[in-house]
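Data first, discussion second: the structure below is written as structure tokens.
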Amino acid sequence: MAENEQKPKEEKDEKQSPILTPETIEHERRELEKTWFEPRGVIGWLSNTNHKTIGLRIICTAFVFFGLGGILALLMRIQLAFPENNFLGPDLYNQFFTTHGSTMMFLFAVPVMEGMGIYLVPLMVGTRNVAFPRLNAFGYFVYLIGGILLYAGLILNIGPDTGWFSYVPLAGPEFSPGKRVDVWSQMITLTEIAALVGAVEILTTVFKQRAPGMSLNRIPLFVWAMVVTSFMVIFAMPAVMTSSSMLSMDRLTNVSTHFFNQAEGGDPILYQHLFWFFGHPEVYIIFIPATGFISMILVTFTRRKTFGYTALVLSMIATGFIGFGVWVHHMFTTPLPQLGQGIFTAASMMIVIPNGVQIFCWLAMLWSGKWNLKTPLVFVLGFFAIFIIGGLTGVMLASVPLDLQLHDTFFVVAHLHYVLIGGAVFPLFGAIYYWFPKWTGRMLSEKAGIINFWLLFIGFNLVFFPMHILGLNGMTRRVYTYIPETGWGELNFLATVGAFIIGVSVLSFIGNVLYSLKNGLVAGDNPWGADTLEWATSSPPPAYNFQYIPIVQGRHAIWERTEDAPVITGLNVKKREALATTIHDAAPEHKYELQSDSIYPFLLALATGGTFIGVIFHPIAIPIGGVLSVLALFGWFWSNSLAHIRSTHEEVEKDPQNPEPSLKPVEAKI
């Protein structure tokens with residue numbers, strides 16, 4: 001009887017063998033596939049916690065919202081194509097431009113960057129999943145609920161109509177009765193919860209689950225970009241969640257606070273400080289991951305090692321720090337002390353320095369490298385042309401006297417889009433062309449990619465460059481029509497033509513993706529000859545990412561790997577185990593069992609979303625939602641506790657004579 005009880009335990013605790021024969025490798029591969037099997041069906045879809053699945057869901061969902069926001073932009077451009085046009089009424093136009101801006105900032109730009117990080121970071125650092133898989137799934141569902149809320153409001157004619165920033169007193173109860181602003185404020189809270197979840201996942205995974213040998217000075221630049229971004233998210237997002245929650249409490253008749261009601265001792269300027277303390281760092285939360293894309297693409301397609309690695313890392317960190325000190329340049333038209341305005345003008349110009357350092361490092365790589373001019377590199381070259389224009393207009397708007405004249409004109413609209421589309425969307429498209437083979441095992445069409453680029457580049461400049469001139473000529477933003485005598489008609493018509501060219505560009509991209517999913521050229525594991533660890537596994541990767549955790553021997557992990565490079569063995573093939581390493585040097589510390597698939601993150605997301613949506617109508621939703629959330633959390637923690645009762649964390653077996661991982665031509669056993 002005792003023998004019968006012992007056998008299952010031995011099978012359950014089967015570890016990878018330190019002797020790698022073909023038979024052993026194949027046996028352990030089959031066991032890992034069983035252990036990391038991804039559930040199927042509706043329940044399986046709702047329960048999946050694999051970081052690659054969740055990351056692709058976030059990316060695809062973000063692009064759906066990108067398409068919806070783009071359609072709203074096209075409808076607005078049709079309205080503005082001619083003077084005194086009646087295609088859209090003023091109320092619908094207000095809902096459209098508010099929903100468009102909110103979509104692009106909260107439902108597309110930030111989530112798509114975090115989605116790229118959720119998918120790529122664990123692969124780049126050589127681990128099997130993010131640190132908290134269930135929390136990761138929860139974050140996605142909360143984000144999805146927030147996006148559905150926004151568009152459900154628009155369909156029901158209660159879409160927000162006070163701008164993507166919802167300034168008070170316009171957004172307060174006196175001037176915006178009804179539920180439109182409440183829909184916006186709860187969408188903000190839900191999407192920022194999701195952003196905070198993604199930031200926690202990325203930071204913990206990077207600092208505690210890197211492959212042995214990947215010390216801090218060997219981390220890939222995209223991973224550094226996501227680390228800086230995640231810290232910014234943690235410090236910035238609570239500010240906008242606080243401002244939107246305070247706005248909700250001001251508006252709810254059952255609460256009726258007066259945070260922003262000046263007649264009752266509140267301060268409307270406080271709202272702007274809270275919002276823009278988040279709002280301007282958000283620009284860099286969107287931009288910094290794009291700098292990581294650029295660095296990765298340039299290394300691969302110039303066929304040279306990173307120029308100025310330390311300078312690039314420090315520049316990203318400096319951008320993150322300075323980005324929190326420039327928010328007041330959005331408020332130069334408010335009654336602020338002139339000394340304060342001067343300080344924020346200086347900070348706004350100072351942030352150009354780290355960005356300039358990055359650009360010159362990238363130019364040095366282009367200058368000294370051997371170009372492989374493929375679609376990802378073409379999009380990066382387009383970034384240089386567009387982002388520099390956006391940066392120059394940003395320096396112009398940092399000047400208080402000029403900003404007083406240009407504030408709330410189309411000049412600001414043009415600047416914003418040159419920075420965000422030029423600085424983020426162009427690198428993002430390049431990154432998708434670069435990593436699509438990793439996700440699918442297929443190559444996107446190069447010819448279609450070049451067509452996609454030129455249509456986007458030409459269309460973008462046709463739309464937004466004329467807006468600089470319109471703004472200088474006095475056309476204010478957020479107006480739904482204008483009279484012929486202003487002389488704005490021709491430039492607006494040109495911008496509308498450019499918007500449709502962008503639409504064709506996006507359609508060409510979608511067609512390329514759909515065609516290539518089944519008919520694209522088979523990519524192979526590393527079609528670009530890249531240098532980072534995500535290309536060291538198959539394309540697409542298995543559910544467990546790496547059968548044997550690699551040991552990193554240099555900053556460019558694949559290029560600097562020796563033929564007799566060791567790997568890590570000893571992880572349990574019957575459990576979802578990851579290797580935890582030290583923060584600085586990534587020395588093996590202990591084995592850690594990751595959480596399994598579960599339906600409870602989805603249930604908790606439903607409870608969370610229902611609570612915030614219910615608050616729109618009555619505060620009673622808070623205790624009801626709290627009870628439902630506790631029940632979901634009980635199931636989550638109970639199932640997790642049962643799994644951990646059956647297993648314990650095991651310390652890494654270290655050789656007392658050689659505590660660091662060996663780089664001998666043998667397998668490093670743990």
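Here are some notes:
- Heavy atoms of His618: accessible area, 1.4 Å probe, square angstrom to 10: 90
- Fully extended contour minus Cα-Cα distance, from Tyr515 to Trp559, at 0.36 nm per residue: 12.6 nm
- Residue-level accessible surface for Phe637, protein heavy atoms, 1.4 Å, Å²: 110
- Report summary: the helix-based calculation at 222 nm, which adds -39500 (n - 2.57) for every DSSP H run with n ≥ 4 and divides by the residues of the chain, gives -21000 deg cm²/dmol.
- Here is the list for the stretch 133-222: chymotrypsin sites (Phe, Trp or Tyr not before Pro) lying in DSSP coil, each with at most 12 other C-beta atoms within 10 angstrom of its C-beta, are Phe175.
- Segment Ala346..Ile71, full-extension length gain: 95.2 nm, with 0.36 nm per residue of separation and the alpha-carbon distance subtracted.
- Quarter of the Cα convex hull surface for the stretch 57-96, i.e. its orientation-mean projected area (nm²): 2.9
- Residues whose amide H falls under 5 Å from that of Glu589, counting only those 5 or more places apart or on a different chain, are Ala580, Thr581, Thr582, with hydrogens built in the peptide plane.
- Our summary gives the stretch 162-235 a relative contact order of 33 percent, counting only alpha carbon pairs under 8 angstrom and 6 or more residues apart.
- Mean separation of Cα contacts under 8 Å, 6 or more apart, over the residue count of the stretch 315-451: relative contact order %: 28
- Of the residues Asp91, Asp250, ranked by 1.4 Å probe accessible area with the largest first, the sequence reads Asp91, Asp250.
- Computed over the stretch 592-639, the range of Cα coordinates on each principal axis works out to 43, 15, 14 Å, biggest value leading.
- Using the Cβ of Thr440 as centre and a radius below 15 Å, the other residues enclosed give a net charge of +3, where K and R count +1 and D and E count -1.
- Angle in degrees between helix 600-615 and the longest Cα principal axis of the chain, rounded to the nearest 10: 20
- Charge dipole of the chain (Cα centre as origin; +1 on each Lys and Arg Cβ, -1 on each Asp and Glu Cβ, all else neutral): 980 debye, rounded to the nearest 20.
- Positive-end residue, the stretch 76-225 charge dipole about Cα centroid, Cβ charges, pick of Pro133, Met116, Pro160: Pro133
- Backbone phi angles across the stretch 399-406, fed through the Karplus curve with coefficients 6.51, -1.76 and 1.60 (θ = phi - 60°), yield HN-Hα couplings of 7, 4, x, 6, 4, 4, 8, 9 Hz in residue order; Gly and Pro are listed as x.
- For Gly266, distant residues with modelled amide H under 5 Å away: Asn261
- Arg29 sits among other residues whose Cβ lies under 14 Å from its own Cβ, and their net charge, with Lys and Arg +1 and Asp and Glu -1, is -2.
- Tail weight of P(r) past 25 Å, computed on alpha-carbon pairs of the stretch 302-448, percent: 40
- Measure of compaction for the stretch 361-432 (Cα Rg per 2.2 N^0.38 Å): 1.34
- Rg/Rh for the stretch 135-226, where both radii come from Cα atoms and Rh is the Kirkwood radius: 1.20
- Amide H within-cut-off set for Thr569, under 5 Å, with H built and near neighbours excluded: Ala668, Lys669, Ile670
- Label point distance in nm, Met396-Ile317, each placed 7 Å from Cα along Cα→Cβ: 3.5
- The stretch 70-147 - Debye-derived log10 I(q)/I(0), Cα point model, q = 0.11, 0.12, 0.26 Å⁻¹: -0.47, -0.52, -1.18
- Hz values of 3J(HN,Hα) by residue in the stretch 295-300 - Karplus curve (6.51, -1.76, 1.60), Gly and Pro given as x: 4, 5, 5, 5, 4, 5
- Hypothetical label at Asp408: residues of the stretch 459-498 whose amide nitrogen lies under 12 Å (7 Å Cα-Cβ projection): 476-479
- Volume per residue of the convex hull around the Cα atoms, evaluated for the stretch 1-147, comes out as 169 Å³.
- If you take all other residues with their beta carbon under 9 Å from the beta carbon of Pro173, and give Lys and Arg +1 and Asp and Glu -1, the sum is -1.
- Candidate residues Phe332, Phe612, Phe321: accessible-area rank, largest first, probe 1.4 Å: Phe321, Phe612, Phe332
- Principal-axis tilt of helix 309-323 within the chain, Cα atoms, nearest 10 degrees: 40
- Sequence ranges 124-130, 199-205, ranked by mean other-Cβ count within 10 angstrom, highest first: 124-130, 199-205
- Computed log₁₀ I(q)/I(0) - Debye formula, equal Cα scatterers, no solvent, the stretch 253-354, q 0.19, 0.20 Å⁻¹: -0.96, -1.02
- Here the Karplus curve 6.51 cos²θ - 1.76 cosθ + 1.60, taken at θ = phi - 60°, turns the phi angles of the stretch 424-432 into couplings of 10, 6, 4, x, 5, 4, x, 5, 5 Hz, with x standing for Gly and Pro.
- Accessible area per residue (1.4 Å probe, heavy atoms of protein chains only) ranks Val233, Val497 as Val497, Val233, with the largest value leading.
- According to the Kirkwood relation over distinct C-alpha pairs, the hydrodynamic radius of the chain is 26.4 Å.
- Each Cα pair under 8 Å and six or more residues apart adds its separation to the average, and for the stretch 266-341 the resulting relative contact order is 51 percent.
- The stretch between Asn157 and Arg40, if pulled fully straight at 0.36 nm per residue, gains 38.4 nm over its current Cα-Cα span.
- Pairwise Cα separations in the stretch 161-304 fall into 10 Å bins from 0 onward with the following percentages, short to long: 11, 33, 25, 16, 11, 4, 0.
- Principal-axis analysis of the Cα atoms of the chain puts helix 22-35 at an angle of about 50° to the longest axis.
- Heavy-atom accessible area for Cys60, with the other protein chains in place and a 1.4 Å probe, reaches approximately 80 Å².
- Estimated distance in nm for a label pair at Leu381 and Leu216, the labels positioned 7 Å out from Cα along Cα-to-Cβ: 3.8
- Between Thr476 and Cys60, the modelled label-to-label distance comes to 4.4 nm, taking each label 7 Å out from Cα in the direction of the beta carbon.
The values are calculated or read from the model by the stated rules, or taken from the named source; none is laboratory data. In this text the structure is predicted, and so the values were computed from the model without any measurement. Here the Cβ is made from the backbone with ideal geometry for all residues, glycine too, and neighbour counts use every protein chain on show. Side chains included, ligands, DNA and RNA excluded: accessible areas come from the protein's heavy atoms. Shrake-Rupley method; radii C 1.70, N 1.55, O 1.52, S 1.80 Å.
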